[in-house]
């Protein structure tokens, strides 16, 4: 009938309009990198973001404001505490950025065990809000599981990724110092920021006291200390997470998105919740994705030769769960039984601080969006502990400000004059510990709870175990000892406990490995069961090390994108 | 780090967590907004005078000029729990009564010297109470006023630009700088 052929023509046309060479799910740190690399290799790319659009500079509405222009002077209201209970579990709640966090009422999750999940559902994801600390992993980290006989071996080694670290550091702009430490390889750095006078002194004393085996170095941070094309160097305002109108730190918006856009190959679609990856049984490949338009509730399909899944560690697992077929009822990539398992994080919320006497005639200028870093020393070389793996510290020294106490002077003109001058020096540090992968630490789809769009939500069932808890005692003990050795007085220690996820370094739910029977992804980040789907965010991690992981996601993503382009050319995927 | 440190330090000065400002655990109960507790213009004038006594005009602006009374109203209304709101409102009355008891006159009619001696005494009482109180006990009423005075003043335009050195865009970081007594703090967003 004539009508039939008309329908067919329309469908063909619609399908063509919805077809790209690559689809990238997510626009955060790793999604931005995937889009940039694939676009620059000449592929037409559709980037899907579940939240709103969020434009560089124009949408950083609070960034130019003076502090007194904030109605609540930077803090949050009772109303916000009610609406964002998870964000209020820690320091993430602030007047300037509340709109950047995911709406907790619309997007719930459930906690079999306490789990803190800080999500940002808007263009750029958490690349706007992130802490920007950027450290390479070393071979010690990539070999750790094998040497310990714990979980499974990484399918890659440092040599597989070293070149990609060079590549992403050069483009993203990482400032840092060259230290020659085997556990923390040097990279292609912009000039380091300064340690301040007290930090330098403490570094020297720690080095001496611990025979050159412990190091306090300036943080390696994705803030520019020299301009890059289209970006101005960091202006030391320390308001990064509101968005930087100078492009002074790495975000999707400041860095990878403009590069991808410049190719003319990128299409961005906000308000696009990817509900599933469409698996084609005949070709045994993914043919595209189904999305739900978050604004209109309409469903659409988009098609591509290759799919990059970069929805963030837990949400990437969610997309895979939700892409279940009759072949794999547990989800795409579930054949190993490891999908959603081995959830990791960096455990923290513990450390120490104290006062440094003297240096009353020394001060500093500028607000450094960075601090010092003490790289791992435990269980390294000759050092042996009664637990596995290690930890690092981040901290800073500064003079106390107007919020300090002044003895015997708490009201009136003298009090006011006293607290408008800088107070004594304080120095403090927070530990970040490695978490082992445990099969039983898992996430799954909650059978009972749905989100605003009627989609199933994640149920979290993960906790720290004996190894981490032992390590925590050591983290506190060691920092106290180092500060004491450096002459710091009045030392307070704290361990406020750690709910999984609170480190905002979720990892491991679709781990890489050498064997499809025990891992979700192969050594190139391809889903074993569906080779044209690549997962390159935190989900892919086989162990957690103790260094901040985002730089490694960038490097793995760039590596995987180049692999995908080559495989497409060869017709292998 | 800096934010965390700041909260810790604010906590230090007044010997407790920033009321309404931080670390509320999930599921803790929250107030209905307003609830019939309102601030009159007289209340705001009263709070301005309390704040001015804590942070008076010197070479730099005083708390009154920085409109700290109005700031307290906004904060108590929108950021405090119902319980803290009630404590705050009751505290205004208690402060006035304490003044009457000490000086035979209400706070608004007291001389600057009388106001200062009252608040010095109340601050001692506050510090002692906060040190010994159980976690679930209410805060001392002067705790609220002092915290909000300090926070409101140093985040105001007047406080920030006349009492401190405020550089919206420092442009660089220098890790070792000469400092001589009397030089003011550099202040940022916090």
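Only the coordinates and a few stated rules stand behind these numbers; no lab work does. Quantities reported herein were computed from a predicted structural model and do not represent experimental measurements. Neighbour counts are summed over all protein chains in view; Cβ atoms, including those assigned to glycine, are modelled from backbone coordinates with ideal geometry.
Taking the C-alpha atoms only, the angle from helix A:550-570 to the longest principal axis of chain A is near 20 degrees. Principal-axis analysis of the Cα atoms of chain A puts helix A:466-485 at an angle of about 30° to the longest axis.
Counting pairs of alpha carbon atoms under 8 Å apart in space and at least six apart in sequence, what relative contact order in percent does region B:46-180 give? Kindly include the intermediate steps, with their values, before the conclusion.
On the way: 116 pairs, mean separation 44.7, N = 135.
Rounded, it is 33 percent for region B:46-180.
If neighbour count is taken as other Cβ atoms inside 10 Å, put B:76, B:120, B:169 in order from fewest to most. Walk me through the numbers before you get to the answer.
Working: B:76 22, B:120 16, B:169 12.
Sorted ascending by nearby Cβ count, the order is B:169, B:120, B:76.
If R0 is 30 Å, the Cβ-Cβ spacing of residue B:124 and residue A:493 corresponds to a FRET efficiency of close to 0.50. Per-peptide packing, taken as the mean over residues of other Cβ atoms within 10 Å, places A:549-561, B:38-50 in the sequence A:549-561, B:38-50 from highest down. Put in line by how crowded their Cβ is, counting other Cβ atoms within 10 Å and starting with the fewest, A:391, A:54 read A:54, A:391.
In chain A, helices alone account for a calculated mean residue ellipticity at 222 nm of -7000 deg cm²/dmol, with every DSSP H run of four or more residues adding -39,500 (n - 2.57).
What average count of beta carbons from other chains do you get within 10 Å of the Cβ of residues in B:49-59? Write out the running numbers ahead of the final one.
Working: counts 0, 0, 0, 0, 2, 5, 8, 5, 2, 6, 4.
Averaged over the peptide's residues, the number is 3.
Spin-label model, residue B:40/residue A:113: points 7 Å from Cα along the beta carbon direction are separated by 5.7 nm.
When only Cα pairs below 8 angstrom with a gap of at least 6 residues are kept, region A:75-224 shows a relative contact order of 19 percent.
With a 10 Å Cβ neighbour count serving as the proxy for reagent exposure, in which order, fewest first, do A:425, A:164 appear? Mind dumping the intermediate values first?
Details: A:425 25, A:164 19.
In increasing order of surrounding Cβ atoms, one gets A:164, A:425.
Take the Cβ-Cβ distance between residue A:296 and residue A:562 as r, set R0 to 35 Å, and report the resulting FRET efficiency rounded to the nearest 0.05. It comes out at approximately 0.45. Using label points projected 7 Å from each Cα along Cα→Cβ, tell me how many nm separate residue B:178 and residue A:147, to one decimal. If labels sit at residue B:178 and residue A:147, their model points lie 5.0 nm apart.
Annotation for residue A:282 and residue A:405: the two label points, set 7 Å from Cα along the Cα-Cβ direction, are 7.6 nm apart. Scoring A:100-108, A:113-121, A:378-386 by mean Cβ neighbours within 10 Å over their residues and listing the highest first yields A:113-121, A:100-108, A:378-386.
Take each residue of peptide B:115-125, count the partner chain Cβ atoms within 10 Å of its Cβ, and average: the result is 2. Once the Cα atoms are used to define both axes, helix A:197-209 deviates from the longest principal axis of chain A by about 90 degrees.
In the protein assembly as shown, the alpha-carbon atoms span a convex hull of 165 Å³ per residue. Fully extending the segment from residue A:414 to residue A:179, taken as 0.36 nm per residue of separation minus the present Cα-Cα distance, adds 80.0 nm.
Could you give the length gained on full extension between residue A:452 and residue A:139, defined as 0.36 nm per residue of separation minus the Cα-Cα distance, in nm? Walk me through the numbers on the way to the answer.
Working: separation 313, 0.36 × 313 = 112.68 nm, distance 4.39 nm.
Gain on extension, residue A:452 to residue A:139, equals 108.3 nm.
Please work out the FRET efficiency for the pair residue A:269 and residue A:160, using the Cβ-Cβ distance as r and a Förster radius of 30 Å; give the result to the nearest 0.05. For residue A:269 and residue A:160, the calculated efficiency is 0.35.
Under the criterion of Cα pairs below 8 Å and six or more residues apart, the relative contact order for chain A equals 22 percent. When both bridge partners sit in chain A, DSSP labels roughly 70% of those beta bridges antiparallel.
Is there a simple number for the mean count of other chain Cβ atoms within 10 Å of the Cβ of residues in A:423-430, and what is it? Mind dumping the intermediate values first?
Numbers: counts 2, 0, 0, 4, 0, 4, 1, 2.
Mean partner-chain Cβ count within 10 Å for A:423-430: 2.
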